[in-house]
Structure formats: structure tokens, C-alpha cells
Amino acid sequence: MASVAVPTRGGARQLRLVVHQIYFEQLSFWRNPIGAGFTVVFSVLFLVLLGATGGQSTVSYLGGIKAIQYYVAGFAAYGVMSACFNMLAINIVIRREMGLLKRMRLSPLPRWILMTGIFANALIVSAVQVVLLLVVGRYGYGAQMPSNWLALVVALFTGVVCFTALGVAASTFIPNQDSAGPVISIVFFVLLFLSGLWYPLKPGSTLARVSDWFPVRHLITATFAPFDLRPGVSAWSWNDIAVMAIWGVVGAFVALRRFRWAPMKG
Amino acid sequence: MASVAVTGLSKRYGDFVAVDDISFEVQPGEVFALLGPNGAGKTTTVEILEGFRKRDAGEVAVLGFDPANMATSLQLRERMGIVLQELAVEPLLTVREVLRRNAGYFCNPRSVDELIELVGLTEKAGARVKNLSGGQQRRLDLALGIVGNPELIFLDEPTTGFDPSARRGAWDLVESLAGEGTTVILTTHYMDEAEALADRVSVIAEGRIVASGTPQSLGGRDLGDAKIRFRIAPGHDDAELHFDNMSRVGELVEIVTDHEVETLHQLTGWSIDNGIALIGLVVERLTLEDIYLQLTGYSNEGLAERPSPSALTKEVP
């Protein structure tokens, strides 16, 4: 059963309320076949298909490691981005335009708990996908597990924070729920394509130099680092993590400045 | 202490003055209606009281709090309930889930099951919100407004789009809340709604309050002129029929008088003397609608040209 918050005081009540809110966020998410499908099913399906077609080939400019190592990392990054950026931005636009955010804002639910619920939902959906991808990669295609789990967690968590901030920021530029899906998805997939999700970019290539400006490629390479098991290669890609952090701060700034509770229409 | 006290409230959007120096008070347990046409400033006023919009000028106290004060806003929201003009319900959760979620936000919520029964959704308690009819969603919306057991509830056009029976149900709900001592502030552009529910009404037009009072006394309705209406069958000679303030549209005759007894005496005398029937004779006070239309700037001439359908069809055999 869900926790129905009882009238206690102070911290205990707030903690219960956070759990209460996350439970209902999760309930809404898994009830939505399109939302759940586009994120969780997509990332796993991509890995299954690419793993089956090219997973065992080797990538010459990555020292001849198997492509599946790259794909597991890439689709873990994809999973985080689709949950935190794509799904979250669309979700916020829909809720805002339906008047749900306004109603929440007028209830005694503290705003930080509402935001925590939205963030935790994105985090949980990301984590579920990463676990599924690791299992499919490991047992389906023989992918080797990361050398350094902490490096993987830090890279993905930085991605979660960065893309959540960007997702909230992006939602403030979408005027209505009809355009939310198409606009967000186009931006998202163009960036994914440029960033070498489906094939590793050659370092120094034009595409790599363009996509270096955006955070998408940095999440992919930061996530890949712990999967790159060649001797002498660090599991930590601080450079990529730093760029994501900068994007996250910029995204958070824009999000806080532009966030609106009321529908933009009318 | 008044539940709501508003003094000199003003709000502009750019050059447009949405609310222009309005003042009113609502006492605990009272049902107060802001009545006015679309764009009159009703929703802006209510949104300022709810703490959703900032005012430009004036003093506002809601349950003793300044709704613009962020430091006390959660305390205030704990004690008030809000039903917005637009429907706003999570589509993928069930009726019971939505209510349980929102009940959790309050320290002292109503029982979710009792609430479901109160708004007549018992059979739909396990249904997802998106599968409810419009009227059922609206009732859920009302339930969400009162789930926190509020002392004060804001209803912004609560029955717009309701069919007559859903409307009746919503009215019953408001009456039962008022019976429990809840203070109710509602906006509406339906005259009959204000008349049925409100203890006091303020009519708002172009951002100003143009009249306040009980629905019975608003705009001098209980004192002023009466209307006498009747029809004269075609072909009768009624050239001698003359009264001040008499108007004719086809067969329909309407006389506005502040001496209805004398006028009626003369009229019925003329009828008997000449053998001409006064078909469908009625005497009525100005309706709240008449007062409202006068106050909000529609001309009486316009009204006389558009007699209400009931006036045309009502007939005494």
C-alpha cells in the first residue's frame, strides 16, 4: 500500500510526503504506455537490435574492443537522457497546459517536494533502464562489466542532474502540449545522431568537434569510460563530467528564471 | 474577524486595468458570489486572494494572512480549498488514487471514501480519470477542492459546462458545505446560480464593483419598478391603450411601473369595458438578470427587443 501521509510534525512528515509523492509519480509514469514505452522499451530494444547486428564487431580506433561495450554505455546514456530530458520536458508541458501544475502550486504541497518527486521519478526510470541494459548486455551479448562502478554511477548521476535541469528548461520554451512531443523529440534525436549514439565518433572528426559543444556526447563518453577496459585507460572522464556540470548549471538557471505554473494558453 | 477582507484592490496587465480599486468583506460561514460577465475581473480577483497572482495595490487578508506572503503561504493553503475554472485532473490515476494523493498533502483531510460518496462517484472510484464523463471529472475536481477540509473554499465558475442535473448536484454540495460552516467564495456569470447559493452578491463589471447586496435586494430589486406583461390577440382595436413606459413588440405588451396596483386597475378596467382579453397577464419584479444586465451596461431598449422566451410562451388559458 502507498503511504498516505499522516499528520505528524516537521521532518518526519516531510519525508513521508516525499515518499508519498514519488509513489504517485511512479504510478502515473508506469500507467502511461507511451511514456513508459518510448523510454524503457526503446533503449532496451535498441541495444537488442544493435547488439545482434554489430555487437561483436570490433572498433579499430578504440583499440579493437567489441562494439557491444560501446553500445551498452551509449544506450545507458540514452536511457538517462530520454527519462530526464525528453520524457520530463514533455510531461511538464502537458501538466502545465492541463492546469495540473497550477493546482499543485495552490495546494499545501511544498514546491521542493513536488520538484523532488519529478526528479526522483526521472532518476528511478533511468536506474531501471541502466540495470536492464547491463543485464541484457552481459547475458545477451557477453559485454564485460565496468572496471569501476563508482565511475559509472558518478557519470550517470551527473547526466541525470544535467539533463533534468535541461529538460525543465526546455519545457519553458514549448507553448503547448501538441507541439511538446515533436519539438522535444526532434531536438533530442538530432543531438543523439550528432553525438554518435549509433556508432562511435572518431575523436577529432568534424561531427565530434560539433557535438563536443553539446552535453549529449559528453554523457555518452563519460559513461563509456568505465566500459573501456583497455589497459591504461582511465574509468573517469572528468572533462566530460565537467562539461555536463556546466550545462546543468546553465539549464538550472534558465529553468528557474523561466518556469511557469500556469498554462501558457489563455 | 472577516474570513476575507479586501480594500482598494487593483491589478493591471500593461495598460489594461483588470481590477480597479475594489473592496469587500466576507464573513465566516458566508456564501459570497462575485457575479459578472467574462473579462470583468472575477478570476483575477480570486487568483489574487488564492495567492496565485500579485496585486498592484490595496490590502488583502485571507483568514488573517496576506496571500502574497510566501512565508505563510503553506499555512494558508492548508486551510483553504480551490476549484479552478479549468478542469485539472491527472488522467491516468483512478478517482480514489487522485483523492488519496491530494489528501496526503493536508494535515487534516477528509475521509477519501466519504468524499467519493459525497460527490456521487462511488461506482467510479476505481475508474481512471480519463474514462470519466466531463461532468464526473468536474465532480472529482470539486472533491479535490474540499479534500483538505478547508475553512474557506474558492469556486471559480464551478458549474460552467454542467448539464442541469450535474449543476443541481454541485449546488447541493455547495449548500451542504455552507451548512457545515465553510466560507464559500464563488465566481459565476449565471444569475440563477448566484441567486440560489449566495448570501451576498457583488456585481463586477470592467474591474469595478457596481453593486453589492443580497440577491433579493440587489440593485433595489425589492423596491423599484414592476413589469406588467400581457398579449393582445390580433385584430383587436387597442389604439386607446396608453401608459407611460409602455412598449410593444408585435402582440406582446410590456409596462414598467412603480404603481402597479393603480396601473393594473386601469388596465383591467379597460379590458372589461372593451371586451379585449389580456392574454398571459403577469406582474413581475425585475429579475436578477434584468438588474445584472442594467448594471453591467446593457441597454433596456435592447432588452425590450429581445423578450425572454418564457414571456412569449407563457399563457393563461
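Every number in this text was worked out from the coordinates using simple rules, so none of it is lab data. All values derive from a computational prediction rather than experimental measurement. Reconstructed Cβ throughout: ideal geometry from the backbone, glycine too, with neighbour counts over all protein chains shown.
Overview of values
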read-out: Point-charge dipole on Cβ atoms (K/R +1, D/E -1) for chain A, about Cα centre, debye to 20; value: 840
read-out: Cα long-axis angle, helix A:10-31 against chain A (0 to 90 degrees, to the nearest 10); value: 60
read-out: Degrees separating the helix A:42-54 axis from the principal Cα axis of chain A, which is the longest one; value: 10
read-out: Leading residue at positive end of dipole, the protein assembly as shown (Cβ point charges), from A:LEU45, A:VAL135, B:MET1; value: A:VAL135
read-out: Dipole axis of chain A (+1 Lys, Arg; -1 Asp, Glu on Cβ), positive-most option in A:ILE113, A:TRP149, A:MET81; value: A:ILE113
read-out: Cβ neighbours within 10 Å from other chains - mean over B:75-83; value: 2
read-out: Potential extension, A:SER205-A:SER60 segment - 0.36 nm per residue separation minus Cα distance; value: 50.7 nm
read-out: Isotropic mean projected area of the C-alpha convex hull, chain B (nm²); value: 20.2
read-out: HN-Hα J in Hz across region B:67-80 - Karplus 6.51, -1.76, 1.60, θ = phi - 60°, x for Gly and Pro; value: x, 7, 7, 5, 5, 10, 5, 5, 4, 5, 5, 4, 9, 10
read-out: B:ILE82 long-range amide H proximity, modeled H, under 5 Å; value: B:PHE154
read-out: Cα-based Rg / Dmax (Å) for the protein assembly as shown; value: 32.5, 120
read-out: Where labels lie 7 Å past Cα in the beta-carbon direction, separation of A:MET145 and A:LEU229 in nm; value: 1.1
read-out: Summed side-chain charge close to B:SER202 - residues other than B:SER202 whose Cβ falls under 13 Å, Lys, Arg +1, Asp, Glu -1; value: 0
read-out: Extension gain from B:THR122 to B:ALA57, taking 0.36 nm per residue of separation minus the Cα-Cα distance; value: 18.9 nm
read-out: Estimated FRET transfer efficiency (A:PHE173, A:TRP30; beta-carbon r; R0 41 Å; 0.05); value: 0.90
read-out: Lysine pair count for the protein assembly as shown [Cα-Cα under 23 Å; pairs on different chains or 8 or more apart]; value: 14
read-out: Pair B:HIS242, B:VAL261: separation of 7 Å Cα→Cβ label points (nm); value: 2.6
read-out: Residues B:CYS107, A:CYS84, sorted so that the one with the fewest Cβ neighbours within 10 Å comes first; value: B:CYS107, A:CYS84
read-out: Descending principal axes extents, region A:35-116, alpha-carbon based, whole Å; value: 57, 21, 15
read-out: Shielding of A:27-36 by partner chains, average beta-carbon count, 10 Å; value: 3
read-out: ³J(HN,Hα) computed for each position of region A:106-119 - Karplus, 6.51 cos²θ - 1.76 cosθ + 1.60, integer Hz, glycine/proline x; value: 8, 8, x, 5, x, 4, 5, 6, 4, 5, 4, x, 5, 5
read-out: Centroid-to-centroid separation of region A:36-78 and region B:85-152 [C-alpha atoms, Å]; value: 45
read-out: Chain B, helix-only ellipticity at 222 nm - DSSP H runs n ≥ 4, -39,500 (n - 2.57), divided by all residues, nearest 500; value: -9000 deg cm²/dmol
read-out: Candidates B:MET70, B:MET191, B:MET80, ranked by Gaussian network fluctuation over chain B, Cα under 10 Å, top entry; value: B:MET70
read-out: Burial ordering of B:PHE154, B:PHE65, A:PHE253, fewest other beta-carbon atoms within 10 Å first; value: A:PHE253, B:PHE65, B:PHE154
read-out: Contact order relative to length of chain B, as percent, for alpha carbon pairs under 8 angstrom and 6 or more apart; value: 19
read-out: Order of B:ARG53, A:ARG103 under a 10 Å beta carbon neighbour criterion, fewest first; value: B:ARG53, A:ARG103
read-out: Listed residues B:ASP141, B:ASP273, B:ASP156, most fluctuating in chain B (Gaussian network, C-alpha, under 10 Å); value: B:ASP273
read-out: Residue of B:VAL203, B:VAL249, B:VAL174 that the Gaussian network model of chain B assigns the largest fluctuation, springs spanning Cα pairs under 10 Å; value: B:VAL249
